[in-house]
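What follows is a single structure, written as structure tokens, with notes after it.
The values are calculated or read from the model by the stated rules, or taken from the named source; none is laboratory data. What you see is a predicted model, and the numbers here were worked out from it, not measured in a lab. Note that each Cβ is placed from the backbone with ideal geometry, even for glycine, and that neighbours are counted across all protein chains shown.
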Amino acid sequence: MVYYDQKVFVSATFLSKNMFLSGSSQMTAMLRTCVTSTGKFRVGVHRPSYAVRNLRDQDFLLRLGTLPDGTVVDNQANFPSGDVQETNGRWIYEIPNAFPFHGATYIDSVWAAARAANLSMIKIAPQPDCSLSQSIAGIADPQAVINSLPLPIKYAVAANSTDPVELMLLAKTCCQMEFNEKGDPIGLRYLRPGKADIDDFELFETIANNPHLPDRYKEIMVLRPGVQGGSEIVGRCDQDTHVFEYLRRNSYIPWGHYAANMGHDAVRYRTSDLTLADMRGLRHLYYQRMVVTLAEQFGLHLNLPSAA
């Protein structure tokens with residue numbers, strides 16, 4: 001394998017045999033990255049050629065079907081008579097991650113060329129419209145139909161429906177809500193402090209994570225501070241956005257960790273919905289926490305505003 005800038009690539013085999021050798025050259029080789037010191041983008045190219053001993057003891061020649069003109073298609077190519085010789089295999093691109101500890105990505109050159117010529121081949125297609133209640137309109141009461149659906153179908157509708165009205169009807173089947181005189185949801189009913197009256201938690205979460213559910217329902221189900229637990233809010237940014245910093249004390253990290261989440265009044269269900277102000281707010285809270293933590297560890301005094 002060679003790089004386009006003609007620098008020698010050190011194989012994983014070489015590294016494994018020499019990983020204990022001292023010296024900067026070995027360390028540099030181990031820290032592979034696609035970003036060179038000159039600012040170039042480095043890509044490795046494998047030009048495969050190899051031989052494979054054929055150890056098959058029997059053929060299983062079968063008819064697979066026919067072409068449009070009636071020509072029979074069989075599997076003869078799957079049963080070569082001798083050893084296999086590959087003299088000019090498809091080139092494979094090896095792209096080391098920008099961060100050396102993240103390994104590398106291998107891409108078939110034919111696959112890459114096809115997608116470079118047609119970028120739509122790697123796009124995520126937009127979700128098609130889907131509404132069960134509209135499909136059965138006039139047949140029965142939508143709420144009664146949704147209430148009677150088998151659970152697997154409810155899950156499918158919750159995940160795939162693009163109909164806000166249908167999702168609101170479905171939300172009422174998985175948890176107990178409170179409504180005002182206009183019929184708008186104002187909160188959840190609780191069995192005890194910290195435990196909402198939720199009949200089906202999986203269905204509850206699936207509906208709440210559907211972007212087409214009206215924001216008011218998203219807010220009372222999962223977005224309001226406190227609705228998902230007692231994690232303390234220990235920071236906030238409201239500069240052209242609204243971001244909370246939560247302390248996760250029940251963390252997989254022994255001393256807890258911090259999570260910056262968009263506020264309940266700044267609903268963001270798609271990456272494309274994030275604004276530059278949102279990103280500034282999120283980064284501000286992360287950097288602020290890092291600076292404060294380091295200052296405390298070094299015994300430095302910071303003039304910080306008092307908590308509300």
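When you scan the range 160-175, do you find a residue that is farther than 23 Å from Ala140 by Cβ and buried (at least 18 other Cβ atoms within 10 Å of the Cβ), even just one?
First pass over the range 160-175, keeping only residues farther than 23 Å from Ala140 by Cβ: 175.
Those left that are additionally buried (at least 18 other Cβ atoms within 10 Å of the Cβ): 175.
Yes, the range 160-175 has at least one match.
Which ones in the range 207-220 are of a type outside the set (Asp, Glu), part of a helix (DSSP H, G or I) and touching an Asp or Glu at 6+ places or on another chain (Cβ under 9 Å)? It would help to see each step written out before you state the result.
Looking only at the range 207-220, we keep the residues that are of a type outside the set (Asp, Glu), and these are 207-214, 216-218, 220.
Those left that are additionally part of a helix (DSSP H, G or I): 207-208, 216-218, 220.
Result: Arg216, Ile220.
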If we scan the range 282-305, do we find a residue that is surrounded by 14 or more Cβ atoms within 10 Å (Cβ to Cβ), farther than 29 Å from Asn180 by Cβ, acidic (Asp, Glu) and free of Cβ contacts under 8 Å to residues at least 60 places away in the same chain?
no
Looking only at the range 52-63, which residues are in contact with an Asp or Glu (Cβ under 9 Å, 6 or more places away or on another chain) and surrounded by 10 or more Cβ atoms within 10 Å (Cβ to Cβ)?
Val52, Asn54, Leu62
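Do we find a residue being surrounded by fewer than 17 Cβ atoms within 10 Å (Cβ to Cβ), among the acidic types (Asp, Glu) and closer than 25 Å to Pro126 by Cβ anywhere in the range 202-211?
Of all residues in the range 202-211, those surrounded by fewer than 17 Cβ atoms within 10 Å (Cβ to Cβ) come to 202, 205, 209, 211.
Of the ones still in play, those that are also among the acidic types (Asp, Glu) are 202, 205.
Those still in the list that are closer than 25 Å to Pro126 by Cβ too: 205.
Yes, the range 202-211 contains a residue that is surrounded by fewer than 17 Cβ atoms within 10 Å (Cβ to Cβ), among the acidic types (Asp, Glu) and closer than 25 Å to Pro126 by Cβ.
Of the residues Pro142, Pro152, which single one is farther than 27 Å from Gly226 by Cα, over 26 Å from the mean Cα position of the chain (by Cα) and either crowded, with 18+ Cβ neighbours inside 10 Å or without any contact (Cβ under 8 Å) to a residue 24 or more places away in the chain (or both)?
Values: Pro152 fails: over 26 Å from the mean Cα position of the chain (by Cα).
Going through Pro142, Pro152 in turn, the sole match is Pro142.
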Go through Ile124, Ile107, Ile139 for me and flag whichever is outside any loop (DSSP other than H, G, I, E, B) and β-branched (Val, Ile, Thr).
Ile107
In the range 101-117, what residues are more than 21 Å from Pro48 (Cα to Cα) and either in contact with a Lys or Arg (Cβ under 6 Å, 6 or more places away or on another chain) or among the aliphatic types (A, V, I, L, M) (or both)?
Ala116, Ala117
Which condition number does Glu94 fail, the rest of (1) under 24 Å from the mean Cα position of the chain (by Cα); (2) assigned to a helix (DSSP H, G or I) being met?
(2)
Residue selected from the range 235-259 under the condition farther than 19 Å from Leu304 by Cα and at pLDDT 90 or above, by the criterion surrounded by the fewest Cβ atoms within 10 Å (Cβ to Cβ)
Asp240
Qualifying residues in the range 170-214 (those that are touching a Phe, Trp or Tyr at 6+ places or on another chain (Cβ under 8 Å) and small (Gly, Ala, Ser)) - the one farthest from Ala144 (Cα to Cα):
Ala196
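Can you spot a residue in the range 183-193 that is within 26 Å of Asp129 (Cβ to Cβ), touching a Leu at 6+ places or on another chain (Cβ under 7 Å) and not in a helix (DSSP H, G or I)? It would help to see each step written out before you state the result.
Within the range 183-193, the subset within 26 Å of Asp129 (Cβ to Cβ) is 183-185.
Right, trim to touching a Leu at 6+ places or on another chain (Cβ under 7 Å) and you get none.
No - not one qualifying residue is present in the range 183-193.
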Please give the number of the condition Ser231 fails out of (1) within 22 Å of the chain's Cα centre (by Cα); (2) assigned to a loop (DSSP other than H, G, I, E, B); (3) in contact (Cβ under 8 Å) with a residue 12 or more places away in the chain.
(1)
